[in-house]
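One structure below.
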Amino acid sequence: MIQTILIANRGEIARRIIRTCRRMGVRAIAVYSDADAGALFVEEADEAYRLGAAPAAVSYLNIPAILEAARRAGADAIHPGYGFLAENAEFARACEEAGITFIGPSAEAIAAMGDKRAARDLAERLGVPVLPGFDGGDQSAGGFLAAAARLGYPVMVKATAGGGGKGMRLVHAAADLPDALAAARREAQAAFGSGDLLLERALTRPRHIEIQVLGDQQGRVIHLGERECSIQRRHQKIIEESPSPAMTPALRVAMSAAAVSLAEAIGYAGAGTVEFLFAEGRFYFLEMNTRLQVEHPVTELVTGLDLVEWQIRVAMGEALPWRQDDLELRGHAIEARLYAEDPAGGFLPATGPVLRWWPPAGEGIRVDSGIRAGDEITTDYDPLLAKIIARGDTRPEAIRRLRKALEETVLLGQRTNQGYLGHILRQPAFDRGETTTSFVAEHPPQPTLPAGERVLALVSVALTRYLSDAGDGPGYWRNNPGQPAPYCFEADGQPIDVYVRPARWTPGTFAAELSSGENVTVKLHSFDGVEMVVSIEGMRRSFIVAGREDAWWVHSPLGPIRLTGRPLLPEAHRPADAGGSLRAPMPGRVLAVLVEVGQRVEEGQPLLKLEAMKMEHTIRTAAAGTVAAVYYAVGDQVAADELLARVIVE
């Protein structure tokens, strides 16, 4: 009997496990890094133990520290969640040696699927289709170039260990392969402790479909249907749904049989996922994730099962009480992952404060999150903030509910992909279920919001600032107080001024004039410092506004709108040779310096590589020239917008 579980993870998955433990009457113990000392999951746990500093290597990946915390807490079991040590066979084995139950499959099962070479070999022996590939027996660049030539381009470079999109690169030409190998190897080494790679022939527009399996210690394995996970950026999923729009009864039988056979072959116990690519009527084995998946809620909503509960019950030795025919998928569920990132800026990770967080609610809506207002999002961990899931009796109903939920989600203080998620759900191709791994490339983010929404945001922030100034007068000196109060902003990269003044004969009414030419009359109904209710040109709207320093955020049904306050007097310009492309696009750590002082570089040539939120980013020169200075070395931490190098343009 398990009475106390230590959760070797953080954020929303830690909170998810805590809720299940509480319902089952099991004590839930959290561990945390210094960066998470004030996190919500730490407060909600029955007890919490510090692991170490913020870097994962000395906290959430620190096996001795986690086991010591389990010993101090008297934990019977450890739940690894997903990510970090969830698919680490060494960790599962260390738990066993310490007499602590690992809530997941055996170390042998993890090892069997964690090595993609061995997993491919097993799939082939079982008759499960696999893509033509190269197992990476020769890890030299020459070996990979020769193998890629035999396979034919495009090819996919993949880490032999781990998953989650790390250590993967799609390569279309031989000239790009060496750089892709180097980048994938660095990413894999950092994420999984192994830089070994393999190659597979790449499918250009496949679907990504996975089968959820569940096994017990008595040898029974069943499947819980499939999930469609095709909508991805950087090989990481952002929208998932169950069932798949592409699924037919015959295809489900074939894919689920293949998944179950793989799980049975390794004696799998617990929850796991077998992933496939599907194109032109054929499916191919991709990998098996020997853990709970981020997208597990959609399966829970269509099966009615709590997968965390059944992970715990299986770990306690309980047999699965169902036969395969006893389980039925009911309705449809879709999950949208809310990330701290900038879709219009290449999905670069974003950092900053959580100034407002009002999750949606309503019929068929579930939200799994690990954040609250006042939190600070840093580059220390994955940028996933929350998962918003909608269930309906039909797919169209689930889509409608998720669209509405995203419109009602209030998350202000940093850039997120919220607006882009809504953009995806509004696409006719998504309505038709025409989703492939190329969906994001074929439906890119919109660079700006509609002009009307931008005007409303500008007016609402200008009025907020005017009202906050009203008690003591405007926040600057004027020799004629009857003149309109000017507020200066930058929106979508363009400077715009808003002039606000109260209407002379109509109390509670204001006139706003924009330097871009618009004139707007605003009737104020209420304002509590956070939410403002107004009528603008006869249209009643509510606005939720938040600001910190010179940044202002306005909630919009199309996604949050960011405005930057400008001073009334212009600021000094940056020196011309600063070069925007030579500045850090976000806080991070220098992974590699690729040039030397005095070296001549061509336009677009890589200068440095940065790592932030488990992702690698290349800094390239904007023009040909000579490297005059490199200001950081490998391992250095840099802040956003720091000048990394200086190139003298020729």
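The values are calculated or read from the model by the stated rules, or taken from the named source; none is laboratory data. Note that this is a predicted model, so its numbers are computed, not measured. Backbone-built Cβ (ideal geometry, glycine too); neighbour counts: all protein chains shown. The accessibility values were calculated without ligands, DNA or RNA, using every heavy atom of the protein model including side chains. Shrake-Rupley method; radii C 1.70, N 1.55, O 1.52, S 1.80 Å.
Remarks
- With all protein chains in place and a 1.4 Å probe, the accessible surface of the range 183-336 carries 47 percent carbon and sulfur.
- Two-site FRET efficiency, TYR631 against GLU397, from Cβ-Cβ distance with R₀ of 51 Å, rounded to 0.05: 0.40
- Helix 451-469 and the long axis of the chain differ in direction by around 60°, with both axes built from C-alpha atoms.
- Principal-axis analysis of the Cα atoms of the chain puts helix 141-151 at an angle of about 80° to the longest axis.
- Adding -39500 (n - 2.57) for every DSSP H run of four residues or longer, then dividing by how many residues the chain holds, sets the calculated 222 nm ellipticity at -7500 deg cm²/dmol.
- Label-point gap, in nm, between ALA344 and GLU363 - each point 7 angstrom along Cα→Cβ: 3.5
- Inter-site label distance for ASP431 and THR521 at 7 Å from Cα along Cβ, in nm: 3.7
- Using θ = phi - 60° and Karplus 6.51 cos²θ - 1.76 cosθ + 1.60, couplings along the range 47-56 (whole Hz; Gly, Pro as x): 8, 8, 10, 6, 9, x, 5, 4, x, 4
- Built amide H within the under 5 Å cut-off of ILE377, gap 5+: GLY352, VAL354
- Most to least packed among 43-50, 131-138, 406-413, 255-262 [average Cβ atoms within 10 Å]: 406-413, 255-262, 43-50, 131-138
- Both radii are taken from the alpha-carbon atoms of the chain; with Rh as the Kirkwood radius, Rg/Rh is 0.99.
- Rounded to the nearest 10 degrees, the inclination of helix 395-408 to the longest alpha-carbon principal axis of the chain is 40 degrees.
- Paramagnetic reach from ALA173 (point 7 Å along Cα→Cβ, amide N under 17 Å) across the range 588-620: 602-606
- Here r is the Cβ-Cβ distance between VAL530 and THR506 and R0 is 30 Å; the resulting FRET efficiency, rounded to 0.05, is 0.75.
- Average accessible surface for the range 493-534: 59 Å² per residue, computed with a 1.4 Å probe over protein heavy atoms with every protein chain in place.
- Residue-normalised accessible area of the range 102-186, given per residue in Å² at a 1.4 Å probe: 39
- The spread of Cα positions in the range 42-83, taken along each principal axis and listed from longest to shortest, comes to 24, 22, 20 Å.
- GLU490 versus SER542: modelled label distance in nm, points set 7 Å from Cα along the beta carbon direction: 3.3
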